[in-house]
1. Give the residue, chosen from LEU192, LEU199, LEU143, that is of a type in the set (A, V, I, L, M, F, W, C) and crowded, with 16+ Cβ neighbours inside 10 Å.
2. Please list, ordered by first then second residue, the pairs with beta carbon atoms under 7 Å, 6 or more apart or interchain, first in segment 146-170 and without any contact (Cβ under 8 Å) to a residue 60 or more places away in the chain and of a type in the set (S, T, N, Q), second assigned to a helix (DSSP H, G or I) and within 14 Å of the ligand (Cβ to nearest atom).
3. Please find, within segment 33-49, the residue that is farthest from the ligand (Cβ to nearest atom) out of those that are in contact (Cβ under 8 Å) with a residue 12 or more places away in the chain and small (Gly, Ala, Ser).
4. Kindly list, by first and then second residue, each pair from a residue in segment 109-120 that is under 13 Å from ALA71 (Cα atoms) to a residue that is charged (D, E, K, R), limited to pairs with Cβ atoms under 8 Å and residues at least 6 apart or on different chains.
5. I need every pair where a residue in segment 221-233 that is in a strand (DSSP E or B) has its Cβ under 6 Å from the Cβ of a residue that is among the basic types (Lys, Arg), sequence separation at least 6 or different chains.
6. Could you tell me whether ASP177 is within 21 Å of LEU213 (Cα to Cα) and not hydrophobic (A, V, I, L, M, F, W, C)?
7. Of the residues GLY91, GLY70, only one is under 28 Å from GLN163 (Cβ atoms) and modelled with pLDDT of 95 or more; which?
8. Name the single residue that is modelled with the lowest pLDDT among those in segment 182-199 being near the ligand (Cβ under 9 Å from one of its atoms) and out of contact with any Leu (no Cβ under 9 Å at 6 or more places or on another chain).
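The values are calculated or read from the model by the stated rules, or taken from the named source; none is laboratory data. Worth saying up front: this structure is predicted, and the values here are computed from it rather than measured. Cβ sites come from the backbone with ideal geometry, for glycine too, and all protein chains shown count toward neighbours.
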Amino acid sequence: MKIEGARVLVAGATGVLGRAVAAGLHERGARVVAAGRDAARLAEVAGALGTSGRHLDVVDVDSCGDAVRGAVEELGGLDLLVVATGAAGFGRATELDEAVAEELFAVNTLGPMALVRAAAPYLAEARDGEGTAAVLSAVLADLPTAGMADYSAAKAALATWLQVLRREERRSFRVLDVRPPHLDTGLETRALAGSAPRLPASMPHEQVISAILDAVGGDATEIVMDGKEMVLR
Ligand SMILES: NC(=O)c1ccc[n+]([C@@H]2O[C@H](COP(=O)([O-])OP(=O)(O)OC[C@H]3O[C@@H](n4cnc5c(N)ncnc54)[C@H](OP(=O)(O)O)[C@@H]3O)[C@@H](O)[C@H]2O)c1
């Protein structure tokens, strides 16, 4: 899609990846509205983008709809939705607290799905028929990992949902599933529960940002790991 002039909502713009994607799109001439939960970081990010920040708690479906509609009102439509919200949680499958399991699925699966559902009618009407939903799942969708059963399962469920969405909406908008490996954003230090098992060396997050910007500006539908390489396809 053409990034210049694109009307964009970045959900999770208060996080490391969301903020960097929002900044990259803004630098390339997109009009970007930020949505996030942390009020202070949201105000900072929105100030840099020159748009109003939208409060978002993805566990609340109404909040997802409000954030999308607020962005559409401000921008006069929506060409690109980026979903960069997410939270990790660690613990053995048999031992994870039920409330943590529920929150992992609410934040990583149901929330992103609610955001895409709310945005779908607007993306279908996007400029030049180039509407795009770009959603961060994770390599864990392909490589579920011990000590992260629920987080892996939540991301796998999201990735599966995105696959079906892509088929169903192939004539309406593009679906880009971003499945990065472990990155240097510190996500694991903000986990909902437990501590991370031994993780592989982290990839610099700038590599993913650059891949996302390339993918958005082109026509890829996935960013995945092929061995140690991240590839667009
Ligand atoms: N870092 C990695 O190793 C890695 C690898 C693969 C995939 N990913 C995925 O990439 C995405 C971004 O992660 P990141 O590394 O940038 O981590 P991050 O800096 O911790 O960002 C996470 C974002 O999710 C938001 N969030 C969490 N719970 C929320 C809720 N209930 N409502 C609204 N927002 C909520 C946070 O909002 P507040 O800060 O405002 O609370 C923050 O904006 C996530 O989906 C993550 O699973 C990350």
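1. One residue alone meets the criteria, LEU192.
2. Once the first residue is without any contact (Cβ under 8 Å) to a residue 60 or more places away in the chain and of a type in the set (S, T, N, Q) and sits in segment 146-170, its partners that are assigned to a helix (DSSP H, G or I) and within 14 Å of the ligand (Cβ to nearest atom) give SER152/LEU140.
3. The extreme case among them is ALA48.
4. ALA118/ARG69
5. Matching pairs, first to second residue: GLU222/ARG233; VAL224/ARG179.
6. yes
7. Answer to the selection: GLY91.
8. LEU199
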